[in-house]
Amino acid sequence: MKRLTRKPGDAPIELLLLRPVHDRALQRLEQDFSLLKAYDAPDAAAFVKAVGPRVRGIAAGAHAAIDRDLIDQLPRLEIIANFGAGCDSIDLAAARRRGIPVTNTPDVLTDDVADLAIALLIGTVRQLPAADRYLRRGSWAGRGPYPLTTSCGGRIAGILGLGRIGLAIAARLAPMGVAVHYHNRRPIADCPFPYHASPAALADAADFLIVSCPGGAATERIVGSDVLAALGPDGYLINVARGSVVDEGALVDALTHRRIRGAGLDVFSREPDVPAALIDRDDVFLLPHVGSATTQAREAMANLMVDNLVAHFSGQPLLTPVV
Ligand code: 8YV
């Protein structure tokens with residue numbers, strides 16, 4: 001485990017924690033840094049104001065909002081280390097303007113998130129949550145077999161955001177006999193999968209639209225009523241990225257009017273609040289943002305977040321800077 005290299009007599013390096021961090025991260029951070037825990041203070045904003053001039057780094061807990069206002073209150077800030085691959089809760093432009101590097105935790109969660117995308121896809125198309133409820137309420141014995149559903153094999157998945165996680169999803173779809181198409185802002189050179197120039201064109205070609213792109217302003221609600229209409233009445237939407245990418249109102253509307261067949265969602269626009277209109281439906285499979293929620297992934301994420309902080313304050317290259 002990497003430790004901070006410091007000279008005797010060096011002043012402690014103070015890090016701001018806006019939210020509680022993973023136990024493993026806390027343990028390691030406590031060994032090498034002095035921690036300023038805003039979440040323990042009775043008034044977090046007043047706390048940040050008071051300690052702001054001392055803060056040299058932020059160890060960001062899950063989805064902590066780090067906006068320009070906050071960054072402006074931290075004149076000595078040198079690094080923001082995010083816990084998570086997605087950095088949509090951090091104002092990257094504001095950090096960049098000040099020359100403050102931001103790090104994230106890619107790769108170590110890729111396989112678990114991709115596994116979950118496949119579980120959501122199969123669970124949604126084969127209606128596994130509804131079938132489970134059917135059995136538990138005694139309908140199997142009372143009403144007979146559960147109605148037939150649909151095959152996944154032989155169909156086309158459109159991956160919206162063919163990055164690390166999208167590629168891992170594509171690798172899992174191949175042995176299932178599901179063809180992959182994709183949309184990114186730009187086509188990937190030498191990519192074996194057919195490219196579509198817009199989310200709507202991708203949805204039009206696909207039976208399953210799988211969202212695995214970053215969140216943030218550039219992708220806000222890019223899956224709207226037009227894209228859902230293009231997906232069509234036999235199409236399914238799967239989202240393991242960010243709730244902000246999908247227009248939730250348009251999704252409820254499309255489900256209600258049978259413009260798409262179903263949806264599997266691990267992410268929502270105002271977590272942990274989930275629209276009641278989705279909760280009440282049988283054609284959706286809903287999960288509480290558990291894509292990377294395994295002991296292994298979270299421990300690796302915690303270590304990577306701390307390794308980036310240790311590298312920075314030891315004068316070493318960052319392991320996973322966000323570019
Ligand atoms: C979260 C994620 O970080 O990596 C991401 O972008 O969405 C997740 O892995 C995780 O939910 C932290 O709580």
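Here, each number is a calculation from the coordinates, and none is a lab measurement. Keep in mind that what you see is a predicted model, and the values were worked out from it rather than measured. Methodologically, a virtual Cβ is constructed for each residue, glycine included, from the backbone with ideal geometry; neighbour enumeration extends over all protein chains shown.
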> Can you give the translational diffusion coefficient of region 217-290 in µm²/s, computed by Stokes-Einstein from the Kirkwood radius over Cα pairs at 10 °C and 1.306 mPa s?
Replying inline: 132 µm²/s
> Okay, helix-only estimate at 222 nm for the chain: each DSSP H run of n ≥ 4 adds -39500 (n - 2.57), divide by all residues, round to 500 deg cm²/dmol; what do you get?
Replying inline: -10000 deg cm²/dmol
> How compact and how long is region 110-286, expressed as Rg and Dmax of its alpha-carbon atoms in Å?
Replying inline: 15.8, 55
> Binned at 20 Å from 0, what are the whole-percent values of the Cα-Cα distance distribution for the chain, short to long?
Replying inline: 30, 50, 19, 1
> Over region 1-100, what relative contact order in percent results from Cα pairs under 8 Å that are six or more residues apart?
Replying inline: 26 percent
> When Lys and Arg each count +1 and Asp and Glu each count -1, what net charge do the other residues less than 13 Å away from Leu128, Cβ to Cβ, add up to?
Replying inline: 0
> Taking a quarter of the surface of the Cα convex hull of region 1-114, what do you get in nm²?
Replying inline: 8.0 nm²
> At what distance in nm do the modelled label points of Leu35 and Tyr195 sit from each other, each positioned 7 Å from its Cα along Cα→Cβ?
Replying inline: 4.5 nm
> Short version: ³J(HN,Hα) in whole Hz for each residue of region 298-308, in order, from phi by Karplus 6.51 cos²θ - 1.76 cosθ + 1.60 (θ = phi - 60°), x for Gly and Pro, what are they?
Replying inline: 5, 5, 5, 4, 4, 5, 5, 4, 5, 4, 5
> Based on the Cβ-Cβ distance of Arg97 and Arg186, what FRET efficiency does E = 1/(1 + (r/R0)^6) give at R0 = 25 Å, to the nearest 0.05?
Replying inline: 0.50
> What is the fewest-to-most order of His181, His289 by other Cβ atoms lying within 10 Å of their Cβ?
Replying inline: His289, His181
> What would the Debye formula give as log10 I(q)/I(0) at q = 0.16 Å⁻¹ for the alpha-carbon point model of region 159-227, no solvent?
Replying inline: -0.50
> For region 89-151, what log10 I(q)/I(0) values come out of the Debye formula at q = 0.13, 0.27 1/Å, with one point per alpha carbon and no solvent?
Replying inline: -0.60, -1.06
> So which lysines pass the test for Lys49, namely a Cα distance under 29 Å, with those fewer than 8 places away in the same chain ruled out?
Replying inline: Lys37
>> Could you compute the net charge surrounding Asp266? Neighbours are other residues with a C-beta less than 12 Å from the C-beta of Asp266; K and R count +1, D and E count -1.
In response: -2
> Most exposed first by the Cβ proxy, i.e. fewest other Cβ within 10 Å, how do Cys191, Cys87 rank?
Replying inline: Cys191, Cys87
>> For the chain, what does the relative contact order come out to in percent, with C-alpha contacts under 8 Å and a separation of six or more?
In response: 18 percent
> For Ala65, what charge total do you get from the other residues with a beta carbon under 12 Å from its beta carbon, if Lys and Arg give +1 and Asp and Glu give -1?
Replying inline: -2
